[in-house]
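In what follows, a structure is listed as structure tokens, so that the remarks can point back to it.
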Amino acid sequence: ETGVTQSPTHLIKTRGQQVTLRCSSQSGHNTVSWYQQALGQGPQFIFQYYREEENGRGNFPPRFSGLQFPNYSSELNVNALELDDSALYLCASSIDRSSYNSPLHFGNGTRLTVT
Amino acid sequence: DQQVKQNSPSLSVQEGRISILNCDYTNSMFDYFLWYKKYPAEGPTFLISISSIKDKNEDGRFTVFLNKSAKHLSLHIVPSQPGDSAVYFCAADLMYSGGGADGLTFGKGTHLIIQP
């Protein structure tokens, strides 16, 4: 059983640029969630995708967008990068939309640095 | 405004003793709570959970206690082992948010250090 894989592991971008982060879900999981973890903070919910549709969104601006593909892999896109977007971005997959039915399985994250 | 608080950034415990990690929450609507463990350069891994209809859940060396009236939960690890050294995150959720996911609300984490 392969776990959640994220790419790239590290990325450096300049303010104002755009970035795409990728995630492959764990086999059999149809739900993917993205979290942002700033230094010294806990992960913060960005959004969740279920069967290719956005199923909920945290307090993030529209320049954070996502996609989920038929094979349940996912992308997180961030436009007009700001310095505060520097963080660890975590992708998590699950069997179901509710954490009660299935805990989140996290990838190792992508460390994004915006200069 | 932090809805889930872990007030101890770090905790040092001797190997073999009990580790107690604490977590407080402010939103009384939360009804499901989870603990995640995170090693450096890895993503968080699920450890144990508890729903608000229970006050205790046990899994091997790990026990989570929930005090709803105090809006407080704790994770007990007995006995503590060197491999338990990690950052522990407390998270809260709404089981039935009614239309769309709200995601987990995490605390800032507690770095547990098990000393030999």
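Roughly how big is the protein assembly as shown's charge dipole about its Cα centre, with Cβ charges of +1 (Lys, Arg) and -1 (Asp, Glu), in debye to the nearest 20?
Dipole about the Cα centre, nearest 20: 300 debye.
Just add up the charged neighbours of A:Ser98: K/R +1, D/E -1, any other residue whose Cβ is under 11 Å from the Cβ of A:Ser98.
-2
Where does chain B land on Rg(C-alpha)/(2.2 N^0.38 Å)?
Ratio of Rg to 2.2 N^0.38 Å for chain B: 1.04.
May I ask for the percentage of alpha-carbon pairs in segment B:50-116 that lie more than 15 Å from each other?
63 percent
Over the Cα atoms of segment A:31-96, how large are the radius of gyration and the largest Cα-Cα distance (Dmax), in Å?
According to the Cα coordinates of segment A:31-96, Rg and Dmax are 11.7, 35 Å.
Suppose R0 equals 25 Å. What FRET efficiency, 1/(1 + (r/R0)^6) with r the Cβ-Cβ distance, do A:Thr9 and B:Leu11 give to the nearest 0.05?
0.30
How far, in nm, would the chain grow between A:Ala80 and A:Thr20 when pulled straight, counting 0.36 nm per residue and subtracting the alpha carbon separation?
20.4 nm
By the scheme Lys and Arg +1, Asp and Glu -1, what is the net charge of all other residues having a beta-carbon under 12 Å from that of B:Met95?
-3
For chain A, max minus min Cα coordinate along each principal axis, in Å, sorted largest first?
39, 27, 26
Taking 37 °C and 0.692 mPa s as the conditions, I'd like the Stokes-Einstein D for the protein assembly as shown in µm²/s, using the Kirkwood hydrodynamic radius from alpha carbon pairs.
182 µm²/s
Tell me the label-point distance for the pair A:Asn59, B:Gln81, using the 7 Å Cα-to-Cβ offset, in nm and rounded to one decimal.
The answer from the label model is 4.0 nm.
So how many Å³ per residue does the convex hull of the Cα atoms of segment A:76-115 work out to?
Given the Cα convex hull of segment A:76-115, per-residue volume reads 80 Å³.
Taking each residue of B:104-112 in turn, how many C-beta atoms of other protein chains fall within 10 Å of its C-beta, and what is the average?
Mean inter-chain Cβ contacts per residue within 10 Å come to 4.
With +1 assigned to the C-beta of every Lys and Arg and -1 to the C-beta of every Asp and Glu, and no other charges, what is the dipole magnitude of chain B about the Cα centre in debye, to the nearest 20?
It works out to roughly 200 debye.
Over the whole of A:98-110, what's the average partner chain Cβ count within 10 Å per residue? Rounded to a whole number, please.
Average per residue, whole number: 6.
What does the charge count near A:Val19 come to, summing +1 for each Lys or Arg and -1 for each Asp or Glu among other residues with Cβ under 13 Å from its Cβ?
Local charge sum for A:Val19: +2.
Find the eigenvalues of the gyration tensor of the Cα atoms of segment B:1-69, then list the square roots of 5 times those eigenvalues as equivalent ellipsoid semi-axes, largest first, in whole angstrom.
21, 16, 13
Every number in this text was worked out from the coordinates using simple rules, so none of it is lab data. Everything numeric here is computed off the predicted structure, so don't read it as measured data. We place every Cβ from the backbone using ideal geometry, glycine too, and count neighbours over all the protein chains shown.
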